[in-house]
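Engineer: Let me give you the structure first, and then I'll get to my questions.
The values are calculated or read from the model by the stated rules, or taken from the named source; none is laboratory data. Source: prediction; values computed, not measured. Using ideal geometry, Cβ is built from the backbone for each residue, glycine included, and neighbour counts are taken over all protein chains shown. Protein only, heavy atoms only, side chains kept; ligands, DNA and RNA dropped before computing areas. Shrake-Rupley method; radii C 1.70, N 1.55, O 1.52, S 1.80 Å.
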2 protein chains.
Amino acid sequence: MNTDLMFIVPAGALLALIFAAFLYYTVKKQSPGNEKMQELSKSIREGAMAFLISEYKVLVIFVIVVSCLLFVASMIQDFNMHWGLAVAFIVGAIFSAVSGNIGMRTATMANARTAEGSKSSVSKGLSIAFSSGAVMGMSVVGLGVLGIVSLYYVFHIMLELSIETTTNILFGFGFGASSIALFARVGGGIYTKSADVGADLVGKVEAGIPEDDPRNPAVIADQVGDNVGDVAGMGADLFESYVDSIIATMALSIMAAAGVQRFSPVTYGNNALFIPMIVAAIGIISSIIGTLIVTLGKGKNVYGALRNSLFLATGLTAILSGIIIWYLIERWEPFAAMLAGLIAGIIIGLSTEYFTSEKRKPAQGIAGASKTGPATVIIQGLQVGMISTIIPTIAVVAAMIAAYEFSGFYGVALSAVGMLSILGVSLATDCYGPVADNAQGISEMAGMGVEIRQRTEQLDAVGNTTAAMGKGFAIGSAAITSLALIFTYMITANTMLVDMGKQAITLSLDNPYLVSGIFIGAMLPFIFAALTMGAVGKAAYSMVEEVRYQFKEFKLLENDKNKPDYERCVKISTNRALKEMILPSLMAVVIPIVVGLVLKPEGLGGLLMGSIATGFLLAVFLANSGGAWDNAKKYVESGNLGGKGSPAHKATVIGDTVGDPCKDTSGPALNILIKLMSIVSLVFLPLIIHFHL
Amino acid sequence: MNTDLMFIVPAGALLALIFAAFLYYTVKKQSPGNEKMQELSKSIREGAMAFLISEYKVLVIFVIVVSCLLFVASMIQDFNMHWGLAVAFIVGAIFSAVSGNIGMRTATMANARTAEGSKSSVSKGLSIAFSSGAVMGMSVVGLGVLGIVSLYYVFHIMLELSIETTTNILFGFGFGASSIALFARVGGGIYTKSADVGADLVGKVEAGIPEDDPRNPAVIADQVGDNVGDVAGMGADLFESYVDSIIATMALSIMAAAGVQRFSPVTYGNNALFIPMIVAAIGIISSIIGTLIVTLGKGKNVYGALRNSLFLATGLTAILSGIIIWYLIERWEPFAAMLAGLIAGIIIGLSTEYFTSEKRKPAQGIAGASKTGPATVIIQGLQVGMISTIIPTIAVVAAMIAAYEFSGFYGVALSAVGMLSILGVSLATDCYGPVADNAQGISEMAGMGVEIRQRTEQLDAVGNTTAAMGKGFAIGSAAITSLALIFTYMITANTMLVDMGKQAITLSLDNPYLVSGIFIGAMLPFIFAALTMGAVGKAAYSMVEEVRYQFKEFKLLENDKNKPDYERCVKISTNRALKEMILPSLMAVVIPIVVGLVLKPEGLGGLLMGSIATGFLLAVFLANSGGAWDNAKKYVESGNLGGKGSPAHKATVIGDTVGDPCKDTSGPALNILIKLMSIVSLVFLPLIIHFHL
């Protein structure tokens, strides 16, 4: 070890995992409520676990195939790929899957407990829901850092591989994490929306029964979907961003250490390598402190509590990182770069909140457009989504340029690390949402009375806001992480070429192959969005048929004693989601390799750049349009413009239905697309270069 | 002159103008129909001219301001800009405006004559409508080529400026044409859709009167809109592409002549300069022949006649160009490059037709989605639009790479010239559409009986198909023209720098300023689309209020003798469209300059690339989604899925309303955005370079 502070890294990781375990047991020892509630919670949990297990079956095959390919490739000397890549890939996949599993288990255990806790007070309910979210947050950051530091230790310290080879091996860890994220996000996104749309179209629209009515056979699948999409999917997405950003920074730190002028304006020495890991560890500690003020708090302002915990964690991370970076390298520039990312992340989150909140003009404007019918609601929503790309784009661009001016490409990657450093607490805030949503559903289904329902509604409403911010944050971090990865791609490619005694490539816009790559890359997000949207449609259609069949066959609406078969709906969502996720997922893995081989490394660079730019914009557009439509509907439902049942309500419900697959399936799936294609390119770069020499 | 064949160029231009005049008088001498028809035609014509005149008032100010700025800039020696730029700019603006004016005059004269001609036969009606479209087509190509060759003659031959300076001056001609195109496309697009939506929402939906009912006060504004948007807007758009592609090829030919390896694989000698102009002239002659087979034909297959004329013109252009290129430079590669563009243009047109035709699966699938309501119609339409980006993207990329491999950047620009060479006839096919549409409206309003209505409906239906193809073609040509311009930008920038004894710049993706430019560039089409969409919404809202007011105040529905005040509606559309077009238009001109000054020439290069890629994709997406929604509605209206008045019809009408601003305002406006920003960058490049040295 080059530094006596390095102990902080494994310590931080372990601390996160211990804290996660502590929170898990704190949640577990809460009362799970009455029998009815327990039963509902159990159904949701079993459905969620059934999905995860089915998904893992597909994943295991994928992981085995890919790791075998990586292993075989490492046998071929010419390709210059280390067998450690295969190992790291497997570890990455397992760590991501485990963190997702822990998060889902906790979330599906906490839902009934949150509803029950709300009996004593709102803040009790908040504490339980947030604690369960924090279990996910802490598992992700703990396992993420633990994975990286372990692989670093094994390959660099124990096996004494060079630091260059070690970081190349770490790309495999990112690739493993990305693969899980892909399936979790795409499969989870299709699952959640097909169940939601299916439940709503037949239950609410055709049969006229309320949302979360236990007579609706798809109601459990719908609740499962919240966990599958927003807990497991979101968690895996951010696990990927988190580890990718740290790995990219480590890879770039080698250049920064060498002080190569083109890559970094100054020399930071060998300690630059440890900064991303140490900042992550500091972020963990700050996140734990931030978490405690929510779980221990007694305040009634739910949103305020969540926001304060985020701000506290942000402030602490900033201060402590500044001190430690100065201690390590006696320079302030990398700290400034990191800070740029941290601030950009918050700005993107706030912008998302503005454009989607029902309290703000954009969503209210969409609701107002319902005066001239659903068509104008749709047009206005498209507009809001498109306009909402301005602030996130400027934030990303400004952070990138600032970070680059401070510390070169190393700084850009570090800004992504900065943005993600408080993931422990910000992910807790995200995962709080679906738990509160589930608690609300259970209180409804179990007939817990008006007062409890109002309390859980309050928790749920805040969950919607934090979910919107979380989505913006996920997109922003995906963009800046992808940028860090593409810079790493360019530098790694040239380092490899120069090491082989060949000429470095220039990724210049006057190369038509590169321009072709940009065009194809810019096209992919559109195709990916269309495929995932179509998948939701197909899966929802199967669900609609099933619900209609059960209503008719079991006479569910005629006789209260007849019980629906929840499990069949859960199975349909599961099977369809897994089937439909295959094509877009394979696309994301195969296309970069094919383009790299056909259009050369330059074309692949263009592909990545095109897909990052357009993917980021399309993701923001889809997520914010969808969020704004959702909240326009909620705005009407809370009594404005005629309230529930009015023509305005009907028009905004149409908007919401259009927005659902946009914001919960296609938009978030694009985060994964851009990161995964970047990391695949990095992993297979030696192969691509080999075939072009 | 370096070649004895050069006489073809002015001869071709004059031939086009003579042929246009001949067609104009042929159309004019047809019977204009009865008094009622003449009156309607006159109202449309006056409305269209009123819009043009109001638009010109804005344009004159813009042209004066910009030409003064250009002139002042040319006084400052350091900026290295020639005063000829200001002259060329004015000429470009005037030539584009004149061709638009001729086209509008003819189209608004031909509408009643087409309806009247349909009395004798469908082919008679076709001949009149197509002839009037061909007046526009021939005016555009004639004036385009005439402008370029005149400026070339004045500055290069008479004033003996170097060929480099002359081509730089020609960029001014492109800039002038682009400015008119911007206002015509954006203003026209806002006009046409606000009138359409306003007329439909109050007339069809609220009052329940049929489309084109003369009691609807907005009905004339709606008819005017077809001319303003689809004749003047489309014409100016393609005038811009046409001249830009020729100018870019000329600029790049200098490199090709010098045989600079990086820009062109081989030396073509000085004659390379004349190839684009001569190919354009050949295209004109071929287009005239293609046009004649429609106007002289007696066949009943309207679509077949139009398609055959296109194919004949394409074939003739290809063969003649091949021969002449060989004669000029004794090489086949530039011909192959040109052919690549020609083929890509046809493929993009056919792809657009497939994805939007009511006879094909995509639009029918959208109609089928109406079973589950309007929301699924919207989702399915978004999907179709997104998926439809594949073929155009691959066509553009393949054409670019093929053209580059054949003849370097010169080849890429030449492929755009190839694609646009048959503009004379393809624009005739486009402009035929609104004339047939108007004829159909007039036959309806004048109560010409069922048989005539069926005939004009047949003409109109074909017009819809050709309009879709024309839109695809316009987008494809905009993309490849913009690519030619961006390559010209890069090469010109480096030529300037090297001439000044400075180091050439590299537009490489490892430059964060360039990457920032790409992000901002990729964002602009979203913002531009949102602004234009919003403008339609605001303008349509004013129209809705006016129509409601007139219905109530003049008791139009209660008493047949009360006449609506058409002119007021025309005025509202005109004023709102002109007001709303200012912001997006200024954006397109100012942003490239600002970005160039702030993010350096590299950032500006990135901006152009990002905006071209995303602008192209978004334009295809919006145009094809809109077209498919439109035809899904028509599919239902022709008796499928319950026909008119069914729930399926209502759902698809909502889709169509959403699609209207997408396909007729925002999508087409993006064509202009990407070309205009490229040409603005080229014109102000000396200034930008000056401030960065």
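Engineer: For a label point 7 Å from the Cα of A:Ser162 along Cα→C-beta, name the residues of region A:486-524 whose backbone N is under 19 Å from it.
Structural biologist: A:488-505
Engineer: Compute the signed sum of charges (Lys and Arg +1, Asp and Glu -1) over the other residues within less than 12 Å, Cβ to Cβ, of B:Val135.
Structural biologist: +2
Engineer: Here's another thing I want to ask about it. Cα centroids of region A:49-112 and region B:270-291: how far apart, whole angstrom?
Structural biologist: 60 Å
Engineer: Would you mind checking A:Lys193/A:Lys579; B:Lys634/B:Lys663; B:Lys361/B:Lys634; A:Lys579/B:Lys650; A:Lys204/B:Lys361 for any pair whose Cα atoms are more than 22 angstrom apart?
Structural biologist: A:Lys579/B:Lys650; A:Lys204/B:Lys361
Engineer: Which value, in debye to the nearest 20, describes the size of the charge dipole of region A:108-236 about its Cα centre when Lys and Arg Cβ atoms bear +1, Asp and Glu Cβ atoms bear -1, and nothing else is charged?
Structural biologist: Its charge dipole is roughly 260 debye.
Engineer: Among residues other than A:Ser31 whose Cβ falls under 10 Å from its Cβ, what is the net charge (Lys/Arg +1, Asp/Glu -1)?
Structural biologist: +2
Engineer: Compute the label-point distances linking B:Trp83 to its equivalents in the other copies; points lie 7 Å from Cα along Cα→Cβ; give nm, one decimal, shortest first.
Structural biologist: 7.9
Engineer: In whole Å, what are the extents of region A:408-469 along the principal axes defined by its C-alpha atoms, from largest to smallest?
Structural biologist: The Cα atoms of region A:408-469 stretch 58, 14, 13 Å along their principal axes.
Engineer: Highest mean first, what order results for B:543-556, B:69-82, B:504-517 on Cβ atoms within 10 Å?
Structural biologist: B:504-517, B:543-556, B:69-82
Engineer: Could you compute the net charge surrounding B:Met419? Neighbours are other residues with a C-beta less than 15 Å from the C-beta of B:Met419; K and R count +1, D and E count -1.
Structural biologist: Net local charge, B:Met419 excluded: -2.
Engineer: Oh, and also: Chain pair A, B: how much accessible area is buried, both chains summed, with a 1.4 Å probe, in Å² to 100?
Structural biologist: The summed interface area works out to 5700 Å².
Engineer: For region B:362-425, with equal point scatterers placed on the C-alpha atoms only and solvent neglected, what are the log10 I(q)/I(0) values from the Debye formula at q = 0.22, 0.25, 0.29 1/Å, to two decimals?
Structural biologist: -0.83, -0.94, -1.08
Engineer: Where the label is 7 Å out from Cα toward Cβ, how close does A:Val72 come to the same position in every other copy, in nm, shortest first?
Structural biologist: When each copy's label point is compared with this one, the spacings are 6.9 nm.
Engineer: Residues of A:490-497, mean number of Cβ from any other protein chain within 10 Å of their own Cβ, rounded to a whole number?
Structural biologist: Whole-number average of other-chain Cβ neighbours for A:490-497 is 1.
Engineer: Also, I was wondering about something else. Please compute the average number of Cβ atoms from other chains found within 10 Å of each residue's Cβ in peptide B:380-392.
Structural biologist: Taking all residues of B:380-392 together, the mean is 5.
Engineer: How large is the charge dipole for the protein assembly as shown, taken about the Cα centre, if only the Cβ atoms of Lys, Arg (+1) and Asp, Glu (-1) carry charge, to the nearest 20 debye?
Structural biologist: Value, rounded to 20: 1660 debye.
Engineer: Is chain A rounded, prolate or oblate when judged by the Cα gyration tensor, a ≥ b ≥ c being the square roots of its eigenvalues, rounded requiring a/c under 1.5 and prolate requiring a/b larger than b/c?
Structural biologist: prolate
Engineer: Shielding of A:396-409 by partners, i.e. mean partner chain Cβ atoms within 10 Å per residue?
Structural biologist: Whole-number average of other-chain Cβ neighbours for A:396-409 is 3.
Engineer: With all protein chains present, how much of the accessible area of the protein assembly as shown (probe radius 1.4 Å) comes from carbon and sulfur, to the nearest whole percent?
Structural biologist: With neighbouring chains kept in place, the figure for the protein assembly as shown is 61 percent.
Engineer: I'd like the FRET efficiency for A:Lys28 and A:Phe554, computed as 1/(1 + (r/R0)^6) with the beta carbon distance as r and R0 of 35 Å, rounded to 0.05.
Structural biologist: 0.50
Engineer: Where in chain A are the DSSP H helices whose C-alpha atoms run 24 Å or more along the long axis and whose mean Kyte hydropathy is at least 1.0?
Structural biologist: Helices meeting the criterion: A:8-28, A:35-75, A:122-152, A:234-258, A:275-295, A:302-329, A:333-356, A:390-420, A:667-691.
Engineer: Between A:Trp326 and B:Lys359, take the C-beta separation as r, use R0 = 56 Å, and let me know the FRET efficiency to the nearest 0.05.
Structural biologist: 0.20
Engineer: Filter the trypsin sites (Lys or Arg not before Pro) in region A:437-536 to those in DSSP coil with at most 15 other Cβ atoms within 10 Å of their Cβ, and list the result.
Structural biologist: When the trypsin sites (Lys or Arg not before Pro) of region A:437-536 are filtered for loop state and at most 15 Cβ neighbours within 10 Å, A:Lys502 remain.
Engineer: Enter the Cα centre distance for the pair region A:312-341 and region B:614-675, rounded to the nearest angstrom.
Structural biologist: 51 Å
Engineer: Also, I was wondering about something else. Any idea which of B:Leu497, B:Ile480, A:Phe335 is furthest toward the positive side of the dipole for the protein assembly as shown, if Lys and Arg beta-carbons carry +1 and Asp and Glu beta-carbons -1?
Structural biologist: The residue sitting farthest along the positive end of the dipole is B:Ile480.
Engineer: Can you give me the accessible area per residue for region A:434-493, using a 1.4 Å probe, in Å²?
Structural biologist: 22 Å²
Engineer: Now for a different question. Hey, for A:Glu558 with labels 7 Å out along Cα-Cβ, what do the inter-copy distances come to in nm, ordered shortest first?
Structural biologist: Result for A:Glu558, in nm, nearest copy first: 5.3.
Engineer: Is the shape of region B:114-252 best called rounded, prolate or oblate, per the rule: a/c under 1.5 gives rounded, else a/b larger than b/c gives prolate, else oblate, with a ≥ b ≥ c the square roots of the Cα gyration tensor eigenvalues?
Structural biologist: Taking the square roots of the gyration eigenvalues as a ≥ b ≥ c, region B:114-252 is oblate.
Engineer: Arranged from highest to lowest average of other beta-carbon atoms within 10 Å per residue, in what order do the peptides B:398-411, B:678-691 appear?
Structural biologist: Per-residue mean Cβ counts within 10 Å order the peptides as B:398-411, B:678-691.
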